[in-house]
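Written out below as structure tokens is the structure these notes cover.
The values are calculated or read from the model by the stated rules, or taken from the named source; none is laboratory data. Just so it is clear, the structure is predicted and the values come from calculations on it, not from any experiment. So basically every Cβ, Gly included, is an ideal-geometry build from the backbone, and we count neighbours across all protein chains shown.
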Amino acid sequence: MSSSYCEPSCAMSLYKSTQGKYFVGGSLEEFGRGKYAWAGLFNPTNSGVLLYVNVFTVTNLSEIPFSVQVWLNATTSGTAKLSDMQNPSNTALCPLPKPKVQFLYAENVDTEPLGGKPIYGRRCPADTTIVAEEDGKFICPPGGSFLINCIPPEKSSDKINGSVAFGWWEEPCRPIADR
């Protein structure tokens, strides 16, 4: 499919998908009992791309509500794992493009992120999915990140199962003089 299929007047996610620049992914996390979980998009320092966060979802697969925080440029704790549930959204392309941004997650983590900036929070009710359409307004350069931190409920001794999903696109970095 050529990029002429859709002009920029259509949804940006569709436009970037026709170009092979739009990616989707998800992860499953377990946390609770005083432990956190997080999932995020991490732009490697040598990626050569800008990360544009388009949408994220958080699904609570349990009966216990919990809170989430959105962080920019977080320094994480715990053992990060690369999500194997990610793909370009346009599967008609051959060969399929591969994202340069890494979708990482960790579960049952002892602390919230150790650095970076929390920018807002949301509540995720029991058996519910929350959706935030960001439309690409969060832009992370190489070395930057966009992270969802799942916070354990204060009074629950139960484990919580949840999932986090993202939709994003990537554009090559250009020097300011070239923009």
Counted residues in the stretch 90-111 being touching a Leu at 6+ places or on another chain (Cβ under 9 Å) and either surrounded by fewer than 18 Cβ atoms within 10 Å (Cβ to Cβ) or assigned to a strand (DSSP E or B) (or both) come to 6
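Which residue, of Ala132, Ala177, is modelled with pLDDT under 95 and either buried (at least 18 other Cβ atoms within 10 Å of the Cβ) or not in a loop (DSSP other than H, G, I, E, B) (or both)?
Details: Ala132 fails: modelled with pLDDT under 95.
Testing whether each residue is modelled with pLDDT under 95 and either buried (at least 18 other Cβ atoms within 10 Å of the Cβ) or not in a loop (DSSP other than H, G, I, E, B) (or both) leaves just Ala177.
Here's the yes/no breakdown for (1) surrounded by 15 or more Cβ atoms within 10 Å (Cβ to Cβ); (2) under 12 Å from the mean Cα position of the chain (by Cα); (3) among the charged types (D, E, K, R); (4) under 26 Å from Arg174 (Cα atoms):
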residue: Phe42; (1), (2), (3), (4): yes, yes, no, yes
residue: Phe66; (1), (2), (3), (4): yes, no, no, no
residue: Trp71; (1), (2), (3), (4): yes, yes, no, yes
residue: Ser83; (1), (2), (3), (4): yes, yes, no, no
Filter the stretch 112-129 for residues that are surrounded by fewer than 15 Cβ atoms within 10 Å (Cβ to Cβ) and modelled with pLDDT under 95; the one that is nearest to Lys21 (Cα to Cα) is Gly115
Of the candidates Tyr52, Tyr15, Tyr36, Tyr22, the one satisfying the condition of being among the aromatic types (Phe, Trp, Tyr) and surrounded by fewer than 21 Cβ atoms within 10 Å (Cβ to Cβ) is Tyr15
Of the residues in the stretch 7-47 that are of a type in the set (S, T, N, Q) and in a helix (DSSP H, G or I), the one that is nearest to Val68 (Cα to Cα) is Ser13
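Hey, among Asn73, Asn43, which residue is among the polar types (S, T, N, Q) and on the phi > 0 side of the Ramachandran plot? Steps first, answer last, please.
Details: Asn43 fails: on the phi > 0 side of the Ramachandran plot.
Being among the polar types (S, T, N, Q) and on the phi > 0 side of the Ramachandran plot holds for just one of Asn73, Asn43, which is Asn73.
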Flagged pairs (Cβ under 6 angstrom, 6 or more apart or on separate chains; first in the stretch 132-151, farther than 14 Å from Trp168 by Cβ; second of a type in the set (S, T, N, Q) and surrounded by 23 or more Cβ atoms within 10 Å (Cβ to Cβ)) are Pro142/Asn43
